[in-house]
Structure formats: C-alpha cells, structure tokens
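All remarks here apply to the structure that follows.
Coordinate-derived values only; no laboratory data. Keep in mind that this is a model prediction, so the values were computed, not measured. Positions of Cβ are backbone-derived with ideal geometry, glycine not excepted, and every protein chain shown enters the neighbour counts.
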Amino acid sequence: MFHSLTHYTTESVTNGHPDKVCDQMSDAILDACLTEDPKSRVAVETFGSHGTLMIGGEVTTSAKVDYEKIARQVYADIGYTENLDVLSRVVTQSGDIAMGVDTGGAGDQGIMYGYATNETDQFLPKGVVLSHALARKLEQLRTSGMLPYLRPDGKTQVTIRDGKVITALASTQHTEEAELEQIRTDLTTHLFKEVLGDIEGVEILVNPTGRFVQGGFEADAGLTGRKIMVDTYGGLMPHGGGAFSGKDSTKVDRSAAYMCRFVAKNLVANGHAKKALVSVAYAIGRVEPVMVEAFDDEGNNLSDIVNANFDFRPQAIIERLGLRRPIFRETAAYGHFGVAGRPWEEIVSL
C-alpha cells in the first residue's frame with residue numbers, strides 16, 4: 001500500500017515563520033476558548049500581511065475572548081516588535097453544521113491519515129525528526145542569546161539518501177549588520193554539528209540567497225493551515241488536505257488525524273508492523289466513520305486489529321485523547337507528532 005523512499009527531502013520552519021505565526025495565533029485563541037468553556041466549537045483562521053492581521057472564523061462558546069489581544073501577545077512572545085493593524089471578523093458557527101455535531105457527528109467530511117515507523121525513537125521518518133530538530137535548535141540559538149543577530153523567521157531542510165543526511169539547509173532571518181560568512185560559520189558549529197553530529201560529507205547550505213534581513217509579515221504573507229506537510233509527515237505519506245490549527249476537536253480534520261497517528265504508532269510499538277498507515281473517512285454530521293483502514297508496508301491489512309481496539313466516532317476520539325483541554329498552542333510549531341507527552345503519542349497495550 002505504500003513504500004519507503006531511499007532518497008527524499010523534508011523541511012521544517014521556525015515558530016517565527018509567517019504561516020506558523022498564524023497557526024500559533026489560531027491555536028492560542030482556541031486554547032483561550034477551551035480554558036473557559038471546554039465544549040467550545042472553534043474554527044479560527046488568521047492572515048498576516050505587511051503590517052496587517054486579519055482574524056476570521058466561526059465560534060460557539062460562552063468564553064469571553066479578546067482575539068486581538070491574544071494575537072498580539074503571540075506575536076510578541078515569538079519575538080516580533082513590529083506594530084500590527086488588526087481586523088477581527090469572528091461570528092457564531094453555522095446552525096446547519098451544529099445540527100449534526102450536536103448529536104455526536106463529525107464536524108466535517110473528509111479523509112485523514114496517520115503514520116508511524118520504527119525508523120526512529122519518535123516513530124517518524126528520520127528526515128522529519130531532523131528537520132524539526134534543526135528548526136527548534138535555530139530558535140533556541142536565537143532566544144538563548146547565543147547568536148544575538150538571529151531573528152525569528154527561518155526554515156530548515158534535510159535530504160536523506162539511504163538513511164544518511166547528504167544535504168542540510170538553514171535559511172534564517174538576521175539583523176542588518178550580520179555577515180553571511182559569520183552566520184555560516186556559527187550555524188555550522190552550533191546548529192548542524194550539534195543536531196546532526198558528524199557532518200563530514202554533508203553539503204551544508206546557509207541562507208543561499210546571501211541575505212535574509214526582512215522576515216515575518218514584513219516580507220511575506222502568512223496564513224493558518226499552510227504548512228500541513230510540516231505539521232505531519234513531511235510529504236512522505238498521504239494527507240487528506242485538512243489543516244489542524246484553530247480547530248476544536250469536533251473537526252475531524254484535526255482529531256481524527258491525531259487518532260490515526262495514535263493508532264499507527266501503537267500498531268508499530270506493539271509489533272504488529274514495522275511501518276503502519278491508517279486512514280479514516282467521515283461524512284459531515286454522521287457519527288460512524290465511512291471507512292477505517294490500516295496497512296503495513298508489506299500490504300498486510302491491519303484493519304481487524306484496529307477495529308477491535310479503537311473507536312473512531314468523533315466523541316469517542318475526544319474522550320480517549322482528552323481533546324477538550326487547552327493543549328493546542330504548543331502543537332502549532334515543529335510538528336504535531338513525535339513529541340512526548342501529547343496524548344496521541346501515548347503507547348498502550350494491544
């Protein structure tokens with residue numbers, strides 16, 4: 001049903017990347033709603049562009065939330081100091097959707113996927129793990145003050161061939177006075193060697209254009225949900241197309257994708273597969289999924305094991321993974337999977 005690639009590239013972005021800024025703003029708003037009203041229904045998008053931020057979407061909640069204040073706080077927390085003009089247009093969720101969700105049905109139709117592999121301790125492909133590790137380290141080098149010329153925006157990328165890194169890339173925003181050669185020297189020592197270890201024979205690329213002073217919303221537009229491959233499996237596995245951030249867990253785009261990951265990881269952790277791909281499909285408003293399937297990399301059907309141990313009804317997912325808690329802002333950068341402590345990463349006995 002799927003096969004392992006021997007030559008592939010994956011990327012990650014820092015928490016200051018414009019799209020990730022928007023994801024964090026949307027999830028911070030979701031968390032604020034859930035903190036006061038755990039049954040909040042939230043679908044919030046943010047769009048930032050050149051000094052302006054638009055907050056839009058639909059909510060049903062008793063929580064009193066200052067959307068603009070939350071967005072500004074996230075922006076400042078990340079490390080941006082530029083002023084934003086903020087426009088907010090958030091309304092009550094459509095009653096047509098609520099009719100189905102009120103009875104425990106799915107908040108949307110669609111297909112969701114989950115994947116796990118025994119390739120790494122995180123049960124993720126090596127390239128996914130390393131690209132996120134590089135991006136996290138890049139942020140740490142900035143926020144710790146070790147490399148004070150770094151600014152929040154940045155991207156990382158690794159290319160893997162036959163299980164080994166052959167190319168590693170970092171593009172990082174920096175202050176006006178920082179020199180490219182110094183940035184390259186510092187990142188080779190403090191970023192690539194720290195994360196990758198032995199980099200002999202690895203092509204190292206740093207700021208290939210030669211300059212990256214303008215970043216964030218000053219340079220590019222950002223939008224919630226535009227980094228779905230960074231959020232999941234690096235483009236190495238199928239994706240149903242639905243984004244995660246800003247959505248409460250009645251939206252199966254998010255909750256069912258988490259459940260698929262939970263199931264796939266436990267199939268691998270319990271020895272039922274070396275690699276597992278789980279998929280589920282829903283009809284909006286319907287309680288039972290349209291389809292649940294699972295396969296290993298040799299094409300063996302694992303669906304009977306899955307159906308005997310896991311309940312994919314939306315409310316059952318929410319209850320099993322505890323998804324009414326305000327736990328989502330932290331997931332909105334550096335990938336939703338492979339991070340210890342998140343409920344969909346728990347290993348259970350099958």
Q. GNM, the chain, Cα, under 10 Å: largest mean-square fluctuation among A28, A316, A276?
A. A316
**Q.** Beta bridges by DSSP in the chain, antiparallel share as percent, to the nearest 5
**A.** 75 percent
Q: Can you bin the stretch 125-283 into rounded, prolate or oblate? Criterion: square roots of the alpha carbon gyration tensor eigenvalues sorted a ≥ b ≥ c, rounded for a/c under 1.5, prolate for a/b above b/c, oblate for the rest.
A: oblate
**Q.** Per-residue ³J(HN,Hα) for the stretch 80-88, Karplus 6.51 cos²θ - 1.76 cosθ + 1.60, θ = phi - 60°, Hz, x for Gly and Pro
**A.** 8, 10, 5, 6, 10, 8, 10, 10, 10
Q | Summed residue charge, Cβ within 10 Å of F123's Cβ, Lys/Arg positive, Asp/Glu negative | A | 0
**Q.** Potential lengthening between E36 and N301 on full extension [0.36 nm per residue; Cα-Cα distance subtracted]
**A.** 91.1 nm
Q.
Check which residues have an amide H placed less than 5 Å from H17's amide H, if you skip close sequence neighbours.
A. G154
Q. Once a ≥ b ≥ c are taken as the square roots of the eigenvalues of the Cα gyration tensor of the stretch 221-319, is the result rounded (a/c under 1.5), prolate (a/b larger than b/c) or oblate (a/b not larger than b/c)?
A. oblate
Q: Would you mind counting up the charge near R254? Only other residues with Cβ under 13 Å from its Cβ, with Lys and Arg at +1 and Asp and Glu at -1.
A: 0
Q. Within the stretch 33-162, what percent of beta bridges assigned by DSSP are antiparallel, to the nearest 5?
A. 55 percent
Q: Among A71, A283, A340, determine the one that fluctuates most according to a GNM of the chain built with springs between C-alpha atoms less than 10 Å apart.
A: A340
Q) How many Å³ per residue does the convex hull of the Cα positions in the stretch 128-179 occupy? A) 77 Å³
Q | Cα pair distances exceeding 18 angstrom across the stretch 162-219, given as percent | A | 37 percent
Q | Calculated from backbone phi, Karplus (6.51, -1.76, 1.60) coupling profile of the stretch 319-336 in Hz, x at Gly/Pro | A | 6, 5, 9, x, 8, 8, 8, x, 10, 9, 4, 5, 7, 7, 9, 6, x, 8
Q: Work through the residues other than P343 whose Cβ is under 10 Å from its Cβ and net out their charges, Lys, Arg +1 and Asp, Glu -1.
A: +1
(Q) Can you tell me which of G105, G201, G215 moves the most in a GNM of the chain? Springs connect C-alpha atoms under 10 Å apart. (A) G201
